1. Say the cut-off is 31 Å between C-alpha atoms; which of Lys100/Lys546; Lys708/Lys789; Lys549/Lys710; Lys56/Lys510; Lys176/Lys683 go over it?
2. In the range 639-749, carbon and sulfur make up what percent of the accessible area (probe 1.4 Å)?
3. Could you check the spin-label model distance between Arg443 and Asp551? Points 7 Å from the Cα along Cα→Cβ, value in nm.
4. Looking at Thr531, Thr485, Gly458, which one has the Cα that reaches farthest to the positive end of the dipole of the range 422-549 (charges on Cβ: Lys, Arg +1; Asp, Glu -1)?
5. With every protein chain left in place, what is the accessible area of Arg355 in Å² (1.4 Å probe, nearest 10)?
6. Using r as the Cβ-Cβ distance of Ser514 and Val467, and R0 as 41 Å, what FRET efficiency do you calculate, to the nearest 0.05?
7. Between Val206 and Ser687, what length in nm is gained on full extension when 0.36 nm per residue of separation is reduced by their alpha carbon distance?
8. Need the full-extension length gain, Glu570 to Asp709, defined as separation in residues times 0.36 nm minus the C-alpha distance. One decimal, nm.
Amino acid sequence: MEPLPQNPLPDPAPLPQTPKTKQANGPPVVESTPTSKKYASHAEDEVPQRASVVNKFLEDDIGDSVVLSLDDFATLILELPVDWKVKEEIALQLDSDAVKDAFEAYLSVAIGVAEAEGKKRKGAAGHETQLYRPLANLLNVLKDSDGEGRLDSDIDEKIFYVQDPRPVLGSRIERKPDLGGIYIQLLNLSEDQELSDYLEKKKKIVGVFWGLLLYFVEVKHRKGNFIGMSIRKAAIRPGPSSRAQSDTMPSIAYIVSQSVSSTPLTSTPASFEDEPLLEDTIQAIGGTKKTTEVVTSQEYARRAEAELRAEQKMSSTQGQRHTRIQCASYAKEMLSNGFIRNHAMGITADDSGFRFQYYDRSKVVESQPFHILNDESKTLLMAMVCQLNKLSTEKLGFIPNLDLNEFDHLRNPEQLTFNFKDDPSTLVGATYTFTGSDGRRRRIRITKVLYRAEGIIGRCSIVVEVVCLCEEADCVWHEEGHQKTRVMKISFPSKTRPCEDGLIGEARSKAESSGQRWALNHLPEVIDSITFPYHEHTTVQGRLKKHLKDDYEERVMRVTFLEKLHPLSELTDPRDFAQVFYDILQIHQWLYECVGILHRDLSSGNIMFRRINGKIYGVLNDFDLSSRVRDMDNGPTSNQRTGTRPFMSLDLLNPNWESGHLYRHDLESLFYIMLCLSCRYEKPGVSAVEEPRPYSEWFSGTDKDVYKDKCAFLLDFPAQSLSIQPYFAGFKRWLRNIYRQLRGGYRQRPDSNNSSTSEEHSEEESEDEDSEFLDNDNDLNFDWNTLNKHVSYARMRSVMSSFKGKILQTRWVGNPDH
């Protein structure tokens, strides 16, 4: 592609960067875990998410963004051929009447809004919502103008439509992109109904789920700025060029005479009063319900006005940062609450011009901004929009072989219908077809969604229950002629990270070869696992890795099938809970001591159990983030710090911690799991009535929030004040003793800033069983691996080996020195 002339646009607002900090006075630095921890898993636990916290997570996700040249974005992301301008089969008819009229209509309204905003006339219509329909019309014409504006004739039937002010359905947080892209078949047009007439009368389309959205468009129009030009009285000067210069601005009249018709189109603010209200509840398969807010059309309009007024007060840099976060929120919903996707795309039209955006599990990528005030830039926009619509569903990010309602609904759009009986974003009822490691082709159906990670960057696991649909008698997925439920996990781990099935296989082989078969009862069983790498030339991820090199983390898509286990919520007897937690302590230590594997992600969702002959055995699940101990000092396996935020140790939440993930950090996580269960639930599955429930900040806050709260909890909180629910009163001794061990170690560490000398704490310390460790050793002799012997397997086992005065089943003693 030939380079375009340089566009005279202001420099875009700087992309947020994650600062790198260095620990002072800490233990020796190792490289097992990188300093950035922004992609840690976030457990929901029924705690509502604050918008500020969600935005903080999104800031982290976009903090490592990269801006590509227009040439690179068009070829690497959109797959435009390098020689698209001279290829005979690519016919871009910029001079067609349909294209000219669409550009004129959009530019006319945009400049009119800019003038009205710039002059601040009383009652002037300076509202960005006026741009939605002209822009949708322009984008639709660019990709299909009666055969005159196409790249070729192989463009799928996709349309741009106005989505605002209705939120897209399928998530708990309200998000409403200005424009969206869907298949035209979703409109159920009659044979004699033209698309333009439909969009003109309907104006907006309701009932769109994130799973149906192909891409989004966000429009911003602030303070009289228009696609790279400041339309203000002091800046308007006549000029001979249609290109804006920093020192010579063309007049509005000149732009209109050169670029738009002499009679500007008029537009009035959108009317929402004729639209139906949203349903308050969506009933999904299996009885699951998703509740969405029901408000009047007038209330949506009021909110939109309030949001616009807030944005108008922002500086240009603040505004562009806000827009980036807003666009990232749409991408997050597409990746987390739609169908399973590898990546998502969008377009922004704001005061810096048009920008194309791309989001995958490793990187957020933007194109350079460009305006559309000259023919070459208009041609570029047409080419990029045409190519975006030409991309197949798979190249738009949807994973292959995932079908809904027994047909490949996104790859056969003629079968599409808007009459979904169930929320398609739940994935329930969808089928997935794959070839197993044994070469056998298998088709499975999703029966239940167990977990979906929220976020853009990271492994972003999806865990579902599935059954095999084959009817072959020798199928190992069936039991006595009946379908047997399995668990399928799809994730996007770093290519360098050890695969889960490999680590579990090592552990199970070790248990069998060493005669320690007891461990098999506490390890998950992998049925099959398939890894799909991203090809260097045929996938956008592969091309980005080749182009960005070390600045792009290479990932794979991994599909793993496992035995179905039982969650903690199915236990009813507190003693069974105690046995499961004690089992987890033992198998975790056995893995570390005998197999050389550190789990690194203990959370309530990763502690499961199985029943064998009526007995309960705790199972340590999910080895996605586990590491081989021998490899932990050889450099990081991913650009992520591991853990699930509410259960992460204080060290790993500390931005100054540079000493990697230690064994004792997992023990600390186990304590937080037991603490949250005992204090946040009246009984299994029933939340405590107290609001806010204890430790809610750990589930809804940012790293900084959780770190601050845990510091106060561990250093200044008396153990007697743990608000344990009566049902879990048997855990009081466990929790108090382990809490004192942790607090004693953290208070004694050389970098501790503890200054608490209250009589209450002094009295408590006199009763503390850890008082033997309270002497102040020399800083150089401090044992960071055990917090000076306060936190170890042996000490935890001594506390957890009995429950309410009765001995629990010990499976394995282990090394008493640990």
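1. On the way: Lys100/Lys546 39 Å; Lys708/Lys789 24 Å; Lys549/Lys710 38 Å; Lys56/Lys510 43 Å; Lys176/Lys683 38 Å.
Violating the 31 Å limit, Cα to Cα: Lys100/Lys546; Lys549/Lys710; Lys56/Lys510; Lys176/Lys683.
2. Working: 1680 of 3200 Å².
Taking all protein chains in place, the range 639-749 shows 53 percent carbon and sulfur surface.
3. 4.5
4. Gly458
5. Here the accessible area works out near 0 Å².
6. Details: r = 35 Å, r/R0 = 0.86.
Efficiency computed from Cβ-Cβ geometry: 0.70.
7. Working: separation 481, 0.36 × 481 = 173.16 nm, distance 3.48 nm.
169.7 nm is the gain from fully extending Val206 to Ser687.
8. Details: separation 139, 0.36 × 139 = 50.04 nm, distance 3.02 nm.
Result: 47.0 nm gained on full extension.
The values are calculated or read from the model by the stated rules, or taken from the named source; none is laboratory data. Note that this is a predicted model, so its numbers are computed, not measured. Glycine also receives a Cβ, built like all others from the backbone with ideal geometry; neighbour counts cover every protein chain displayed. Areas reflect the complete protein model, heavy atoms only, side chains present, ligands, DNA and RNA absent. Shrake-Rupley method; radii C 1.70, N 1.55, O 1.52, S 1.80 Å.
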